[in-house]
Amino acid sequence: MQPAPKPSLTLPIILMVGPAALFVIAIILYAATNFFISIGASGSPASNDLFGDSSEASPLRAISNIILYLFSAISILTFLPGMIVGIILLVKRADERHALSQ
């Protein structure tokens, strides 16, 4: 009789940390893309384009903002379920380890 394989620790950690990391990455990418698109459009980072006051809207900026908005929405929607499932998997793993040691 072979012992049951140990459940992995990586899945619960990814479920708990992944949505928060995705949200932080989305915010950083949002700031970076808007900054670089505004520099490319106006030539200087101190123009009003940086704050979205430009008279001509860039389609690249609109598409990147929509994609980054979707990343942020997915991360927010999966944060609570990911935490719950991750904690359940960690507790289940700890219970199995405790039962095997007895």
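Every number in this text was worked out from the coordinates using simple rules, so none of it is lab data. Not measured: the values here are computed from a predicted model. We place every Cβ from the backbone using ideal geometry, glycine too, and count neighbours over all the protein chains shown.
Computed extension length for VAL91-LEU9: 28.4 nm, one decimal, from 0.36 nm per residue of separation with the Cα-Cα distance subtracted.
Once the C-beta distance of PHE79 and PHE35 is scaled by a Förster radius of 25 Å, the resulting FRET efficiency is 0.40 to the nearest 0.05.
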